[in-house]
Amino acid sequence: MKQRGLKTRKNGSTLSASRLRVPRAGLHDQAAARLRTLIIRGDLAPGEPLMEVELSELLGVSRTPLREALKLLATEGLVELRLNRSAVVAPLRREEISELFEAVSGIERIAAELAAVRMTARDLQKIRNLHERMERFHEAGELRDYFDLNQQIHEFIVACARNSALKSTHETLMARVERARFFALSSRARWDESVQEHLEILQALEKREAERAGKLLGHHVHRTGEVVNDALHARAGLIEESRPPAGEPIGADA
């Protein structure tokens, strides 16, 4: 008699339906998504301890999926797991910010150059619509809505380069970049400056000026990195001058 739940294959072997079924997204993924947003938007400040009991209650999950969520965020550079101590929101370090924006500036510059010649008329209309909506949020002082559209524009330009290697590399850095970009926009002067830079980038893309579009976007990203570092220098508690010592183990508690 064939066992229940097993399917006989042509070669005589059997497969269990329960083993093949793809699981739905786990609680740790949902917890990680919520924590990621809180960290990026600054609701959980750089260097802030992440107390498991409090977070479990806040998110409505047990400590096991919470720990898995923290491990995931650690791989993204948003959380630091310290042996025998509570996890903390990763500090914003000037050295790392400089390296991060140097890398992203190069990626987005190349992406803009490619996008300028590969974008369709429909793509250009979409980015124009996004920009106009973003400007309205800027005029209304709606920082978070503005920021969401700002990020969509950066991601869309990279997507329009139609280069999967560029896109995947960009995606691995986005969580860390988003946090720093949001921090930079807490400066109204930079916010105003950023809107004008986005307009110039849009115009270069519409004119198919690849070199100019790349130069403008690369400068825009690099400038944001400078603003973040300047702000960090003036705000104690958010910055550590260097990475943790190599001898200090970082990992999940047992």
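The values are calculated or read from the model by the stated rules, or taken from the named source; none is laboratory data. Note that this is a predicted model, so its numbers are computed, not measured. Note that each Cβ is placed from the backbone with ideal geometry, even for glycine, and that neighbours are counted across all protein chains shown. Surface areas here come from the heavy atoms of the whole protein model, side chains and all, with no ligands, DNA or RNA. Shrake-Rupley method; radii C 1.70, N 1.55, O 1.52, S 1.80 Å.
Once each part is reduced to its C-alpha centroid, what is the distance from segment 150-195 to segment 49-115 in angstrom?
Each part reduced to its Cα centre gives a spacing of 16 Å.
To check my understanding: the extent here is largest minus smallest coordinate of the Cα atoms along each principal axis. What are those three numbers for segment 63-196, in Å, largest first?
For segment 63-196, the Cα extents along the three principal axes come out at 55, 36, 30 Å.
Hey, quick one: spin label on VAL117, modelled 7 Å out along Cα-Cβ, who in segment 196-215 has an amide N within reach, i.e. under 18 Å?
Within reach of a label on VAL117, which here means backbone N under 18 Å from a point 7 Å along Cα→Cβ, segment 196-215 contributes 204-215.
Multiply the residue gap between ARG136 and GLU48 by 0.36 nm, knock off their C-alpha separation, and tell me the result in nm, one decimal place.
Taking ARG136 through GLU48 to full extension adds about 28.3 nm, to one decimal.
Rounded to the nearest 10 Å², what accessible area does VAL89 have for a 1.4 Å probe in the complete protein model?
The accessible area comes out at roughly 0 Å².
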